[in-house]
Each structure stands twice: as C-alpha cells, then as structure tokens.
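Worksheet for the structure shown next.
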Amino acid sequence: MFLDRDGVLNGPVIRSGRPHPPETVAEVRVLPGVADACRQLSAAGLTLVCITNQPDIARGTQDFGTVAAINDRVRELLGLDEMVVCPHDDRDGCLCRKPLPGMILDAASRRGLDVARSVTVGDRWRDVDAGRAAGTWTVFIDWGYDERRPDHPDLTVKDLKEAVPWIIDKAHSPS
C-alpha cells in the first residue's frame with residue numbers, strides 16, 4: 001500500500017485551485033475517514049508506506065527538519081509503517097520524484113513487497129503515473145483540482161475510505 005501524503009492522508013492547503021503541503025506541524029489535519037481507513041487496511045495485513053514529493057526542500061522554501069516533523073506527526077496519527085520523502089524538484093533529475101517510481105520500487109525492495117499486488121493512492125496525476133510505472137494498481141482521489149488529471153487510474157474515488165474494500169480485494173488477489 002503506497003499512499004501520497006497531502007490530499008490523501010492529510011488535508012492540503014489550496015491556493016489558486018492547486019494543493020500545497022502544510023507548512024507546519026500545527027497545520028496538519030488528517031482528512032475525515034482516513035484514520036479508520038488506515039486501521040482497516042493495516043488490519044487486512046497491508047503495509048502502509050507514505051510516498052511524498054516535497055520539492056519545497058530543494059526550492060529552499062521549506063527545511064527538511066520541518067518536513068520530517070510533519071511526517072512524524074502523520075505517521076504517529078495514522079500508524080503508518082514508513083514515510084518516504086523525495087526532497088527534489090523536477091530540475092534535479094532524480095529517480096525518486098513522482099511520476100517516476102523510485103520511492104515505490106525502493107520501499108518495495110526494502111520491505112519485500114510484491115508491487116503486482118500493491119496499490120498506489122494519490123490525488124494528483126504524478127501519484128497515479130508513479131504507481132503505474134512501478135506496476136501497482138492505482139487509485140485516484142478526485143478533489144477537482146485545477147490541474148492536469150491522471151490518465152486511466154484503475155479506480156477513481158472521492159476519498160480513501162471509499163477505496164478500502166477495492167484495495168483489500170486487489171491486495172489479496174493472486175498476482
């Protein structure tokens with residue numbers, strides 16, 4: 001189970017129709033139904049890994065310590081198994097920044113996870129493309145942002161809770 005952070009687990013800050021991460025731990029707000037969804041997914045035996053692009057680190061508008069503190073809070077609130085961060089911007093040319101699958105593939109390798117039986121959940125096209133590139137099933141949470149939409153996610157929902165039965169079914173299906 002690979003989950004984006006902002007817009008999937010916690011509420012993003014919307015500016016000009018586009019989502020942005022919280023700037024402080026105090027701004028972290030778990031979205032309604034997410035804590036219950038994470039409990040259900042964990043109880044079904046799924047490993048919960050958050051994969052998050054945080055390019056504001058590379059851009060110098062956020063420091064890694066604050067991002068780590070935000071991640072620690074999200075992990076604590078939701079009982080996640082791991083938080084994986086890409087601190088790069090597009091111009092850095094790294095392999096971990098979504099839409100590339102680096103964070104997913106690295107976490108899957110470290111944890112012995114079968115990507116063919118895994119699901120990636122995101123609220124932006126980069127999340128869906130990364131999941132598809134890694135070979136996972138994909139879920140798009142559609143918040144109606146004023147930006148490019150993903151091409152052909154396997155499932156589109158209004159929130160994480162709505163996707164839980166489908167995710168559990170896919171994760172427990174034979175590869």
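Observations on the structure shown:
- For the residues Thr120, Thr136, the requirement of being buried (at least 21 other Cβ atoms within 10 Å of the Cβ), at pLDDT 95 or above and over 20 Å from Asn10 (Cα atoms) singles out Thr136.
- Any hit, the stretch 16-35, residues being modelled with pLDDT under 95, in contact with a His (Cβ under 9 Å, 6 or more places away or on another chain) and crowded, with 19+ Cβ neighbours inside 10 Å: no
- The lone criterion from (1) free of Cβ contacts under 8 Å to residues at least 12 places away in the same chain; (2) outside any helix (DSSP H, G or I) left unmet by Asp169 is number (2).
- All told, Gly93 falls short of being of a type outside the set (S, T, N, Q), loosely packed, with under 14 Cβ neighbours inside 10 Å and touching a residue at least 40 places away in the same chain (Cβ under 8 Å).
- When Arg18, Arg39, Arg111 are checked against the criterion of being over 15 Å from the mean Cα position of the chain (by Cα), in contact (Cβ under 8 Å) with a residue 24 or more places away in the chain and over 25 Å from Trp143 (Cα atoms), Arg111 stands alone in meeting it.
- Against the test of being without any contact (Cβ under 8 Å) to a residue 60 or more places away in the chain and either in contact with a Lys or Arg (Cβ under 7 Å, 6 or more places away or on another chain) or on the phi < 0 side of the Ramachandran plot (or both), the options Asp154, Asp127 yield a single qualifying residue, Asp154.
- Odd one out for Asp142, checked against (1) at pLDDT 95 or above; (2) among the acidic types (Asp, Glu); (3) over 25 Å from Val30 (Cα atoms); (4) out of contact with any Cys (no Cβ under 8 Å at 6 or more places or on another chain): (3)
- Members of the stretch 60-85 found to be modelled with pLDDT of 95 or more and part of a loop (DSSP other than H, G, I, E, B), listed by number: Gly79, Leu80, Asp81
- Tallying residues that are touching a residue at least 24 places away in the same chain (Cβ under 8 Å) and not aliphatic (A, V, I, L, M) within the stretch 46-71 yields 11.
The values are calculated or read from the model by the stated rules, or taken from the named source; none is laboratory data. Predicted model only: the values in this text are computed from it and were never measured. All Cβ positions, even for glycine, are placed from backbone atoms using ideal geometry, and neighbour counts span all protein chains on display.
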